[in-house]
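Here is the structure we will look at.
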Amino acid sequence: MLEFRYHSNSEIEQYLHQVSSANPDITHLYSIGKSVKGQQLWVLALGVSPRRHTVGVPEFKYVANMHGNEVGEHMHIRDYNRTLPV
């Protein structure tokens, strides 16, 4: 679990990689490019089939860290059966 404080972009990137590596069956981590300051823009897809869109299955998008120089938001995720390891 992340400590409740400001985290650098490299700390957040490391955390996303840890979550993705610990949960490869339900996550897909990928970059959609770079910000104007050269920071990677990461997407962490979560779900039963995180690598493909399924017609008729609702989707949810949570956006954080819109700008590289702003304090970001963190979301802790829990499913019905377990807390995702990090």
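The values are calculated or read from the model by the stated rules, or taken from the named source; none is laboratory data. Note that the structure is a prediction, hence the values are computed from the model and not measured. Every residue, glycine among them, receives a Cβ derived from its backbone with ideal geometry; neighbour counts consider all protein chains shown.
Find all pairs meeting these conditions: Cβ atoms under 9 angstrom apart; at least six residues apart or on different chains; first residue within region 1-22 and more than 13 Å from residue 40 (Cα to Cα) and at pLDDT below 95; second residue of a type in the set (Asp, Glu) and surrounded by fewer than 16 Cβ atoms within 10 Å (Cβ to Cβ).
The qualifying pairs are 2/11.
Can you tell me how many residues within region 25-63 are of a type in the set (Gly, Ala, Ser) and touching a His at 6+ places or on another chain (Cβ under 6 Å)?
1
Could you please find all residues in region 23-39 being farther than 20 Å from residue 53 by Cβ and either in contact (Cβ under 8 Å) with a residue 60 or more places away in the chain or out of contact with any strand residue (DSSP E or B) (no Cβ under 8 Å at 6 or more places or on another chain) (or both)?
Correct list: 36, 37, 38, 39.
Within region 31-83, restricting attention to residues that are basic (Lys, Arg) and either in a strand (DSSP E or B) or within 15 Å of residue 2 (Cβ to Cβ) (or both), which residue is modelled with the highest pLDDT?
Among residues in region 31-83 that are basic (Lys, Arg) and either in a strand (DSSP E or B) or within 15 Å of residue 2 (Cβ to Cβ) (or both), the one modelled with the highest pLDDT is 34.
In region 1-20, which residues are under 12 Å from the mean Cα position of the chain (by Cα) and small (Gly, Ala, Ser)?
20
With the requirement that a residue be over 13 Å from the mean Cα position of the chain (by Cα), surrounded by 10 or more Cβ atoms within 10 Å (Cβ to Cβ) and not hydroxyl-bearing (Ser, Thr, Tyr), what does region 25-51 give you?
Of everything in region 25-51, those that are over 13 Å from the mean Cα position of the chain (by Cα), surrounded by 10 or more Cβ atoms within 10 Å (Cβ to Cβ) and not hydroxyl-bearing (Ser, Thr, Tyr) turn out to be 34, 39.
When you check residue 86 against the structure, is it among the hydrophobic types (A, V, I, L, M, F, W, C), more than 15 Å from the chain's Cα centre (by Cα) and at pLDDT below 90, yes or no?
When the stated conditions are applied, residue 86 does not pass them.
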